[in-house]
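The values are calculated or read from the model by the stated rules, or taken from the named source; none is laboratory data. Predicted, not measured: the structure shown is a model, and the values here were computed from it. Every residue, glycine as well, gets a Cβ built from its backbone with ideal geometry; the counts of neighbours run over all protein chains shown. The protein model used for the area step is the full one, side chains on, heavy atoms only, and it has no ligands, DNA or RNA in it. Shrake-Rupley method; radii C 1.70, N 1.55, O 1.52, S 1.80 Å.
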Amino acid sequence: MPTRILFLFSDTGGGHRSAAQAIHEAIDLYWPGRAEISLADFYVEAFPPPLNRTGALYGPMVNKADWTWHMSWKLGEYRGVRGPLWRALLPTMKGRFVRLIQAHDPDVVVSVHPLASTPMAVAARALPQPIPALTVVTDLVDGSAAWYDGRVNFTYVPTEPARDKGLRLGLEPGRVEVVGQPVSPRFQPFSGDRAALRRRLGLRPDTTTILIVGGGEGMGNVYDTARAIDASELDVQLAVIAGRNATLKEDLDAFDWTAPTVVTGFVRNMPEWMAASDVIVTKAGPGTIAEALIEGLPLLLSGYVPGQEKANVDYVVNERVGAAAFTPATVVDTLREWLRPGNVALDDMQARCLALAKPNAARDLGERVLAWGERSRRERGLPMTTSME
Ligand code: UDP
């Protein structure tokens, strides 16, 4: 019998679902047939009403009044706020999480969202036959304190600073490990014919290419930034990805570009767009940063979601794999400097991106999750296909 794995995610931003899917893809690719995997939106399915409807507020809060999001994020950093909140909510949530987990009947349950870890850990222990509960932190550096709960069996984090935060919040050193940000195994360092790839994407084969994105939802000042680069007379072409933001796509399509420009909505082949580009201009999303590192693509960060993404900016700057430029004018200035004849900054950053990247994180996490699940089956005397140990 395959090992059964349940991921608890929610669509607050695109990153949590894609992190779960990345581990799912890696397990199917490297250990086919060994696992049966399901994903549940715990926020919608297990939070009590009316709380279960508040997840939908994340997008509008971040897009329209990011200070409201920043305030709630900041409040969650205080133990004096988190503790009483969980104490008030857990008695109702515990039963709901137990029922959600039982409906999937997994051997191991994995949280890829800060608000799932605590109720998951409590519920997994309350099952008639307890199962291991794991957290995979998918914020790069300064994820919400809510990610870290000593009651989960193990916490996997993407970077050293994320581990340090977990330790500061009381995790035992032996139960937290730096593995990396889970990114789809489709992202691998590019080694093919870049000119041919560009042609296939409708780009010029030999022109310096600036990729502009704003996460899955096309957030931030993508339009103004693209227009400023277009007006700069830099010798570049633009690839502008609007994600699921239909209005942004319409505005971009309607503009009369001077520079060679390709505009597209949500793409499913992001590895190719990144491999075809020389620089990415993006908000500081953890998924996009981890993917760009794998593709050796220097990052120009044009914005961040306040709270969990602010420290991602410092991470990129301190590791010297990119820079921050929060206005269209400074984006242009930085590009002009990077592209100045004789400047080797882009080559240096590209090398550091590749050195910092963890392209196998999803596989490594898949291996660990599968091992926890198989041990759980064995300990409960259940039949197994094969074992990793
Ligand atoms: N993405 C994509 N197609 C698009 C735009 C974005 O597949 O057209 C993916 C991108 O590769 C990344 C995710 O969406 O995996 C965005 O995650 P990130 O953590 O950067 O930001 P979020 O959207 O969660 O704020």
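Label zone (ASP253, point 7 Å along Cα-to-C-beta; backbone nitrogen cut-off 15 Å) within segment 213-240: 240.
Order 244-253, 288-297 from most to least packed using the mean count of other Cβ atoms within 10 Å. Don't skip to the end; give the middle numbers.
Numbers: 244-253: 16.6, 288-297: 26.3.
Result, highest mean Cβ count within 10 Å first: 288-297, 244-253.
Listed by chain and number, the lysines placed with their C-alpha closer than 23 angstrom to that of LYS249 are LYS64, LYS283; residues fewer than eight positions away on the same chain are left out.
Among 138-145, 194-201, the peptide with the highest mean count of other Cβ atoms within 10 Å heads the list, and the full ranking is 138-145, 194-201.
Each Lys or Arg adds one and each Asp or Glu subtracts one; over the other residues with Cβ under 14 Å from the Cβ of LEU39, this totals -4. Each peptide among 336-349, 306-319 gets the average number of other Cβ atoms lying within 10 Å of its residues, and from highest to lowest they stand as 306-319, 336-349. The solvent-accessible area of ASP193, taken with every protein chain present and a 1.4 Å probe, is close to 100 Å². Among LEU85, ASN63, HIS24, which residue has its Cα positioned farthest towards the positive end of the charge dipole of segment 1-94, with +1 placed on the Cβ of Lys and Arg, -1 on the Cβ of Asp and Glu, and the dipole taken about the Cα centre? Checking the options against the dipole of segment 1-94, the answer is LEU85.
Cross-link reach is defined here as a Cα-Cα straight distance under 16 Å, omitting same-chain residues fewer than 8 places apart; for LYS310 the aspartates and glutamates meeting it are ASP66, GLU77, ASP139, ASP142, GLU319.
Inter-part distance, segment 335-362 to segment 299-321, computed on C-alpha centroids, equals 15 Å.
Toward the positive end of the charge dipole of the chain, about the Cα centre and with charges on Cβ (Lys, Arg +1; Asp, Glu -1), which of TYR223, ILE101, GLY15 goes farthest? Final value for the positive-end residue is ILE101. For the chain, the dipole from Cβ point charges (+1 on Lys and Arg, -1 on Asp and Glu) about the Cα centre works out to 1400 debye, to the nearest 20. Electrostatic tally near PRO205: other residues with Cβ closer than 9 Å to its Cβ, Lys and Arg +1, Asp and Glu -1, net +3. Relative to the longest principal axis of the Cα atoms of the chain, the long axis of helix 361-379 lies at roughly 10 degrees. Efficiency by 1/(1 + (r/R0)^6): what FRET value for TRP67 and ASP193, r their Cβ-Cβ distance, R0 = 51 Å, to the nearest 0.05? The pair TRP67/ASP193 has a calculated efficiency of 0.60. Taking one quarter of the surface of the C-alpha convex hull of the chain gives a mean projected area of 19.2 nm².
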